[in-house]
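**Student:** Can you keep this structure in mind? I'll have questions shortly.
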Amino acid sequence: MCYFVNLNKKEMRVLITGATGLIGKEIVAKCHNKGIAVNYLTTNKSKISKKENYKGFYWSTETNTIDVDCIKGVDVIIHLVGASISKRWTTKQRQAILDSRIKTTALLYNTLKSNEHRVSQIISASAIGYYPDSLTKYYNEKDIEVNTSFLGEIVEKWEEAVEAFKTLNIIISKIRIGIVFSSKGGAFPQLSKPVKYGVGAAMGTGKQWMSWIHIKDLTNMFMYVLEHKLEGTYNGVSPNPSTNMEVTQAIAKQVKRPLFLPNIPKFIMALVLGDMHAILFQSQRVSSQKIEDTGFNFKHYTLNGAIKALLQ
């Protein structure tokens with residue numbers, strides 16, 4: 001379902017979790033450019049700002065505490081927080097990954113349930129790790145089969161936690177984020193660095209699909225979902241998924257470096273990274289058609305164009 005909200009209202013204010021992360025920083029900047037004030041939550045009391053358009057509030061899932069003033073005057077919550085999956089998956093890290101998504105969602109829900117507020121929508125990050133590993137299937141939001149790996153478990157439990165907001169008559173929007181391409185962090189610098197130094201190589205067969213998205217398009221998508229009050233689940237991926245080999249070759253072409261090393265075997269990365277190596281080898285070819293059908297336009301539509309923009 002699609003609504004339209006006037007972003008020129010002076011009183012428009014959003015609450016963002018994960019505001020200081022790679023995606024969060026970009027969304028904060030876009031909010032400010034549109035005249036939208038931002039509240040944000042932090043576990044570090046020394047990082048609390050009192051600026052009128054950028055107010056910080058303390059919270060902690062360890063003690064189940066939150067400054068309830070964080071929801072004062074807030075129209076929309078953008079929920080991005082989550083511990084990194086790019087750390088070795090020890091038992092402790094697995095629990096941190098789950099808790100950082102599920103417990104924070106529950107704390108937000110209970111805060112709204114127990115206090116007066118005007119929040120009408122929550123836009124929650126999710127991930128394409130929801131979809132099963134496949135070289136042949138082309139997934140869209142109607143697919144209900146869930147990846148049986150730890151990645152699938154994370155997303156399924158995360159999305160279930162967000163569904164609780166329906167009981168508060170709040171519009172629920174979920175963006176299943178693909179592999180984010182940014183020059184400032186995330187996967188892309190790790191993919192491009194070896195290639196720049198002439199030691200790049202594809203992973204495994206190189207045939208696994210990488211449903212990537214340029215960070216500018218992803219953050220524009222969050223703002224678009226906010227502006228149009230889109231309800232439901234949307235894939236945060238570009239219209240043109242590429243294989244790991246295609247991505248590696250496109251980077252090499254842009255930086256003018258040869259690819260002469262053999263592909264890196266899966267068992268080598270399993271030895272180095274443990275279970276976390278699944279991030280590099282799972283294959284999800286995911287469609288962006290649903291968000292495009294609402295009128296959203298991508299700025300970085302092709303792989304070569306996106307990589308050129310990132311490496312300029």
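The values are calculated or read from the model by the stated rules, or taken from the named source; none is laboratory data. Note that the structure is predicted; figures quoted are calculated from it, not measured. We place every Cβ from the backbone using ideal geometry, glycine too, and count neighbours over all the protein chains shown. These accessible areas exclude ligands, DNA and RNA; they are computed on the full protein's heavy atoms, side chains included. Shrake-Rupley method; radii C 1.70, N 1.55, O 1.52, S 1.80 Å.
**Student:** Within the range 142-181, how many residues turn out to be polar (S, T, N, Q) and buried (at least 20 other Cβ atoms within 10 Å of the Cβ)? Don't jump to the end; show me each part of the working.
**Tutor:** First, pick out the residues of the range 142-181 that are polar (S, T, N, Q): 147-149, 167, 169, 173.
Filter once more, keeping what is buried (at least 20 other Cβ atoms within 10 Å of the Cβ): 147, 173.
So the count comes out to 2.
**Student:** In addition: Here is a check on your reading of the model: is ILE154 touching a residue at least 24 places away in the same chain (Cβ under 8 Å), farther than 30 Å from PRO258 by Cβ, within 14 Å of the chain's Cα centre (by Cα) and not in a helix (DSSP H, G or I)? Reasoning before the result, please.
**Tutor:** On the way: touching a residue at least 24 places away in the same chain (Cβ under 8 Å): yes; farther than 30 Å from PRO258 by Cβ: yes; within 14 Å of the chain's Cα centre (by Cα): yes; not in a helix (DSSP H, G or I): no.
Considered against the rule, which asks whether it is touching a residue at least 24 places away in the same chain (Cβ under 8 Å), farther than 30 Å from PRO258 by Cβ, within 14 Å of the chain's Cα centre (by Cα) and not in a helix (DSSP H, G or I), ILE154 comes out as no.
**Student:** Return the pairs, sorted by first residue and then second, in which the second residue is hydroxyl-bearing (Ser, Thr, Tyr) and open to solvent by 20 Å² or more (accessible area, probe 1.4 Å), the first residue lies in the range 174-192 and is assigned to a helix (DSSP H, G or I), the beta carbons are less than 9 Å apart, and the residues are 6+ apart or on different chains.
**Tutor:** Going by the 9 Å Cβ cut-off, the qualifying pairs are ALA187/SER86; PRO189/SER183; GLN190/SER86; SER192/SER183.
**Student:** Here is a follow-up. Looking at the range 58-95, which of its residues are at pLDDT 95 or above and hydrophobic (A, V, I, L, M, F, W, C)?
**Tutor:** The answer is TRP59, ILE66, VAL68, CYS70, ILE71, VAL74, VAL76, ILE77, ILE78, LEU80, VAL81.
**Student:** Among the residues of the range 27-39, is there at least one that is modelled with pLDDT of 95 or more, out of contact with any strand residue (DSSP E or B) (no Cβ under 9 Å at 6 or more places or on another chain) and either within 30 Å of PHE150 (Cα to Cα) or open to solvent by 80 Å² or more (accessible area, probe 1.4 Å) (or both)? Step through it out loud before you land on a result.
**Tutor:** Taking the range 27-39 and keeping what is modelled with pLDDT of 95 or more, we get 27-39.
With the extra rule that they be out of contact with any strand residue (DSSP E or B) (no Cβ under 9 Å at 6 or more places or on another chain), the set shrinks to 29-30, 33-35.
After this cut, where a residue has to be either within 30 Å of PHE150 (Cα to Cα) or open to solvent by 80 Å² or more (accessible area, probe 1.4 Å) (or both) as well, the list is 33-34.
Yes - at least one qualifying residue is present in the range 27-39.
**Student:** Considering (1) surrounded by fewer than 21 Cβ atoms within 10 Å (Cβ to Cβ); (2) at pLDDT below 95; (3) in contact with a Phe, Trp or Tyr (Cβ under 9 Å, 6 or more places away or on another chain), say which one PHE188 fails and leave the rest.
**Tutor:** Answer for PHE188: the failing condition is (1).
**Student:** I need the full set of residues from the range 233-260 which are in contact with a strand residue (DSSP E or B) (Cβ under 7 Å, 6 or more places away or on another chain), farther than 18 Å from GLY185 by Cβ, of a type outside the set (Ser, Thr, Tyr) and not in a helix (DSSP H, G or I), in order please. Before the answer, list the steps.
**Tutor:** Narrowing the range 233-260 to residues in contact with a strand residue (DSSP E or B) (Cβ under 7 Å, 6 or more places away or on another chain): 233-238, 241-244, 247.
Going one step further and asking which of them are farther than 18 Å from GLY185 by Cβ, we end up with 233-235, 237-238, 241-244.
Keeping just the survivors that are of a type outside the set (Ser, Thr, Tyr) gives 235, 237, 241, 244.
Within the range 233-260, ASN235, VAL237, PRO241 meet the criteria.
**Student:** Out of the strands (runs of 3 or more DSSP E) lying entirely within the range 1-103, which hold 3 or more residues that are of a type in the set (Val, Ile, Thr)?
**Tutor:** Working: elements: 13-17, 37-42, 54-60, 76-79.
Because the criterion is at least 3 residues that are of a type in the set (Val, Ile, Thr), the strands (runs of 3 or more DSSP E) in the range 1-103 that meet it are 13-17, 76-79.
**Student:** Which of the residues that make up the range 262-294 are at pLDDT below 95, among the hydrophobic types (A, V, I, L, M, F, W, C) and open to solvent by less than 70 Å² (accessible area, probe 1.4 Å)?
**Tutor:** Once the filter is applied, which keeps residues that are at pLDDT below 95, among the hydrophobic types (A, V, I, L, M, F, W, C) and open to solvent by less than 70 Å² (accessible area, probe 1.4 Å), the range 262-294 yields ILE264, ILE268, MET269, ALA270, LEU273, MET276, ALA278, ILE279, LEU280, PHE281.
**Student:** I'd like the full set of residues that are surrounded by 13 or more Cβ atoms within 10 Å (Cβ to Cβ) and within 23 Å of the chain's Cα centre (by Cα), limited to the range 44-57.
**Tutor:** Scanning the range 44-57 gives TYR54, LYS55, GLY56, PHE57.
**Student:** Right, another one. When you go through (1) assigned to a helix (DSSP H, G or I); (2) under 22 Å from the mean Cα position of the chain (by Cα) one by one for ALA270, which number turns out not to apply?
**Tutor:** Status for ALA270: all satisfied but (2).
**Student:** Still on this model: Output the residues belonging to the range 111-125 that are of a type outside the set (Ser, Thr, Tyr) and either in a loop (DSSP other than H, G, I, E, B) or open to solvent by 70 Å² or more (accessible area, probe 1.4 Å) (or both).
**Tutor:** Of all residues in the range 111-125, those of a type outside the set (Ser, Thr, Tyr) come to 112-113, 115-119, 121-123, 125.
If the condition is that a residue be of a type outside the set (Ser, Thr, Tyr) and either in a loop (DSSP other than H, G, I, E, B) or open to solvent by 70 Å² or more (accessible area, probe 1.4 Å) (or both), then LYS113, ASN115, GLU116, HIS117, ARG118, VAL119 are the ones that fit.
**Student:** Has the range 76-90 got at least one residue that is of a type in the set (Phe, Trp, Tyr), surrounded by 16 or more Cβ atoms within 10 Å (Cβ to Cβ) and free of Cβ contacts under 8 Å to residues at least 40 places away in the same chain?
**Tutor:** Filtering the range 76-90 for residues of a type in the set (Phe, Trp, Tyr) gives 89.
From the residues that got through so far, the ones that are surrounded by 16 or more Cβ atoms within 10 Å (Cβ to Cβ) too are 89.
Those still in the list that are free of Cβ contacts under 8 Å to residues at least 40 places away in the same chain too: none.
Checked against the condition, which is being of a type in the set (Phe, Trp, Tyr), surrounded by 16 or more Cβ atoms within 10 Å (Cβ to Cβ) and free of Cβ contacts under 8 Å to residues at least 40 places away in the same chain, the range 76-90 yields no hits at all.
**Student:** Follow-up question, since we're still on this one. Answer yes or no: is there a residue in the range 132-141 that is surrounded by 15 or more Cβ atoms within 10 Å (Cβ to Cβ) and β-branched (Val, Ile, Thr).
**Tutor:** Checked against the condition, which is being surrounded by 15 or more Cβ atoms within 10 Å (Cβ to Cβ) and β-branched (Val, Ile, Thr), the range 132-141 yields no hits at all.
**Student:** Determine, yes or no, whether LYS229 is at pLDDT 95 or above, open to solvent by 20 Å² or more (accessible area, probe 1.4 Å) and farther than 24 Å from LYS25 by Cβ. Step through it out loud before you land on a result.
**Tutor:** Numbers: at pLDDT 95 or above: yes; open to solvent by 20 Å² or more (accessible area, probe 1.4 Å): yes; farther than 24 Å from LYS25 by Cβ: no.
Answer is no for this residue.
**Student:** With respect to LYS55, is the statement that it is within 28 Å of PHE188 (Cβ to Cβ), modelled with pLDDT of 95 or more and among the basic types (Lys, Arg) true? Reasoning before the result, please.
**Tutor:** Details: within 28 Å of PHE188 (Cβ to Cβ): no; modelled with pLDDT of 95 or more: yes; among the basic types (Lys, Arg): yes.
Considered against the rule, which asks whether it is within 28 Å of PHE188 (Cβ to Cβ), modelled with pLDDT of 95 or more and among the basic types (Lys, Arg), LYS55 comes out as no.
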